[in-house]
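Step one of this worksheet: look at the structure below.
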């Protein structure tokens, strides 16, 4: 939908202002928060940011032209919207004549084009009708109301729609049916203390966090757990590790919080570090569980076995390597895992992660440069990635060790991990 | 009902709405010699709807005064009497005729306390049979309460049960200010429990006739009765409606409405007066302005009278004001049970 860029009122007395400098031109792509223009007011120069993401179009006012507060200066077109960049909007009546008058093209037809854009923007708004209660619930739960499918009259989003969205834990349909990333959510029903994203390891998926996610939600956190590319119900394939990382970055956009705590397990920890280093403004803290990418050793047969698994019996054996505790898997669970892994989606990725029996990815350079606290937790009884990789960590990363825990720390020592994360999050 | 005073609960018997009103008048006249009633055909004839009945025999023609058919004149007499310290009850044969008396009520009774700096007051009650459903046609069937609800200085009461009729009328007679008391013609024969002793229901307090979780239905007078009947039918379909009987539209107990809307998230307002610019608009706007707005999960629905003079034809007359079926249909539509 086309979003108007208007001349904002920045203090009570302000009636007019002007663009001091455009930071964008027609056709430029902007993201929410990007600088769009600098504005002259009586008192100062202010920066004005984009209120939506899209493409700049219809810049109607030259720099230095005084305009009334609220005047539409340009538009941000959403993806797929009619390209208006060839149509320069007829400028709104200015209050002063600039040294150089803005060149007017065929104002009648162009004006109509912009009006059309505005009209269709109003139509698009109708796609996001929402009741006051629905808006309130979405606001409180930290989800974007526009991502909820409305089932009311005129496709109005009602409270029930939001609640349905909130209760979606197992269905990727909850992600507005648009994102190819499947996201599980455990939303707290108590006083909200913050948000956390849990990122699974190789061959796993977001379901691995069922117990921890629920525990953290009960401790007051909204918990998100994506299925990474090549894993679970996320349709994107992962032919290389970059695809995994970019699917994680994609998952960040589904979190209704500006900033959140990020937790990664094993390969997920490596993805977390790379994704976080590119999205620093969104992350408050990292916790890495048995991270991949900080040392050479790894049980390469395990990785290969998972990547090429096709028999429930073989998988059952491999899974037992992950934990100290003997975890009983039902034959139904094993069949589901076999079916999932049997698709062979991970074979290429496995060959990129492990080369010649050694870990082929190193995240330590990125890890050393992250601007927020990072904690690493190892299980002393980890059979996949050894705990002594902690010695390879950059000095500013804190390492912790849990006795009697294997690679799946969140399975072996759920209470310890819950307390640890709740403490980190409370910081 | 839950709001019955405990000490009188044992002395309750069934009365009609009309009998409850008569009992309130009689008890007020017994207790206070300044209370009297005047109106057309209220003496020997016993009132156009038989409400005053035998009061003339109990209190005599000096306190139960038959007047000429001259609403402006008798309203002026009532206002004047009130100014001298009496507590008159004025009965108008049909509430439609209040239009003739409006000068005395709107320009005099409502204003005097304010214009005399509180040194004078008008403790007047104007009782009026109102509403449609009796085949009395366009000039004898209207619901004009919203007219008077618009006037600061007046109170406007609309009881829906015999119990409320007595308690609200005694409160109205006690009130030092003019109170317009709209009785519904179709309710006069309604029976209900009424305590023998005098009791008063504070004017301006709504009553939740039925608790519910899915939709709030606000009404007064016979619309509260219809809403309650509709609620029972809705319950059979799994919809729990909360029924709020406002009892008075001025002052209006908006807090009770807000509290309910915060709970149910849906609001239907039902009133017999013409829909446009009516009581429902006031209630809807009050909710929209309040913090209860954030709890709405659907547009507010107003069920009001059609934009026509009330027809004589009984089928059309019925169709011209909200009926039980309309309330049920509106609630089903609001909760969309009929479409799923």
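A short reminder: the numbers here are calculations on the coordinates, not readings from a lab. Remember, it's a predicted structure, so these values are computed and weren't measured experimentally. Here the Cβ is made from the backbone with ideal geometry for all residues, glycine too, and neighbour counts use every protein chain on show.
What does the extension gain come out to for residue A:380 and residue A:311, with contour length at 0.36 nm per residue minus their alpha carbon separation?
Computed gain between residue A:380 and residue A:311 is 21.9 nm.
Calculate I(q)/I(0) for the protein assembly as shown by the Debye formula, one identical point scatterer on each C-alpha and no solvent, and give its log10 at q = 0.05, 0.06 Å⁻¹ to two decimals.
Taken in order of the listed q values, log10 I(q)/I(0) reads -0.46, -0.61.
So between residue A:242 and residue A:332, what do we pick up on full extension, going 0.36 nm a residue minus the alpha carbon distance? Before the final figure, lay out the partial values.
Working: separation 90, 0.36 × 90 = 32.40 nm, distance 3.25 nm.
Gain in length upon complete extension: 29.2 nm.
Can you put A:163, A:311 in order, fewest other beta carbons within 10 Å first?
Numbers: A:163 14, A:311 11.
Placing the least packed residue first, the sequence is A:311, A:163.
By the gyration tensor of its Cα atoms, with a ≥ b ≥ c the square roots of the eigenvalues, what is the shape of the range A:179-426: rounded for a/c under 1.5, prolate for a/b over b/c, or oblate?
Rounded, since a/c falls under 1.5.
Would you give the gap between the C-alpha center of the range B:96-135 and the C-alpha center of the range A:11-37, rounded to a whole Å?
Using only Cα atoms, the two centres lie 60 Å from each other.
GNM on chain A, C-alpha springs below 10 Å: top fluctuator among A:73, A:262, A:409?
Largest GNM mean-square fluctuation: A:73.
Considering Cα pairs under 8 angstrom that are at least six residues apart, work out the relative contact order of the range B:207-335 and quote it in whole percent.
Working: 241 pairs, mean separation 35.2, N = 129.
RCO, the range B:207-335: 27 percent.
In nm, to one decimal, how far is the residue A:258 label point from the residue B:329 one, both placed 7 Å along Cα→Cβ?
5.1 nm
For the range B:13-195, just say rounded, prolate or oblate: build the C-alpha gyration tensor, square-root its eigenvalues into a ≥ b ≥ c, call rounded for a/c under 1.5, and beyond that prolate if a/b exceeds b/c, oblate if not.
rounded
Helix B:71-83 against the longest principal axis of chain B: what's the angle in degrees, Cα atoms only, rounded to the nearest 10?
80 degrees
Dividing the convex hull volume of the Cα atoms of chain B by its residue count, what figure in Å³ per residue is obtained?
Convex hull volume per residue, Cα atoms: 135 Å³.
Which angle from 0 to 90°, rounded to the nearest 10, does the C-alpha axis of helix A:331-341 make with the longest principal axis of chain A?
60 degrees
Rounded to the nearest 0.05, what FRET efficiency do residue A:235 and residue A:360 give with R0 = 25 Å and r taken as the Cβ-Cβ distance? Could you check?
In this case the efficiency is close to 0.45.
Pairs of Cα atoms under 8 Å, at least six residues apart: use those to get the relative contact order of chain B, whole percent.
Normalised by residue count, the contact order of chain B is 16 percent.
With a 10 Å Cβ neighbour count serving as the proxy for reagent exposure, in which order, fewest first, do A:166, A:289 appear?
Ranking A:166, A:289 by Cβ neighbours within 10 Å, fewest first, gives A:166, A:289.
Under a plain spin-label model, where a point goes 7 Å from the Cα along Cα-to-Cβ, how far apart in nm are residue B:137 and residue A:63?
Output for this residue pair reads 8.1 nm.
For B:293-301, what's the mean count of beta carbons from other chains sitting within 10 Å of each residue's beta carbon?
Averaged over the peptide's residues, the number is 5.
With springs only between Cα atoms under 10 Å, which of B:117, B:85, B:280 fluctuates most in a Gaussian network model of chain B?
The residue that fluctuates most here is B:117.
Quick one: compute the contact order of chain A, relative version, from alpha carbon pairs under 8 angstrom and 6+ residues apart, as a percent.
Numbers: 877 pairs, mean separation 42.1, N = 427.
Computed value for chain A: 10 percent relative contact order.
Using a cut-off of under 17 Å, list every residue of the range A:226-257 whose amide N is near the label point 7 Å from the Cα of residue A:347 along the Cα-to-beta-carbon line.
From the range A:226-257, the list is A:230-231, A:237-240.
If R₀ is 45 angstrom, what is the calculated FRET efficiency for the pair residue A:403 and residue A:249, using the beta carbon separation as r and rounding to 0.05?
Efficiency, rounded to the nearest 0.05: 0.80.
Roughly how many nanometres apart are two label points built 7 Å out from the Cα toward the Cβ at residue A:395 and residue B:232?
8.3 nm
Using a ≥ b ≥ c from the Cα gyration tensor of chain A (square roots of the eigenvalues), is it rounded, prolate or oblate, where a/c under 1.5 gives rounded and otherwise the larger of a/b and b/c decides, a/b for prolate? Could the numbers behind the result be given before it?
Working: a/c = 2.33, a/b = 2.09, b/c = 1.12.
Here chain A falls in the prolate category.
List the extent of the Cα atoms of the range A:319-427 along each of their three principal axes, largest first, rounded to whole Å.
42, 34, 23
How far is helix B:162-174 tilted off the main Cα axis of chain B, in degrees rounded to 10, range 0 to 90?
Helix B:162-174 sits roughly 50 degrees off the main axis of chain B.
Tell me, in nm to one decimal, what length is gained between residue B:294 and residue B:259 on full extension, where the rule is 0.36 nm per residue of separation less the Cα-Cα distance?
In short, 11.4 nm is gained.
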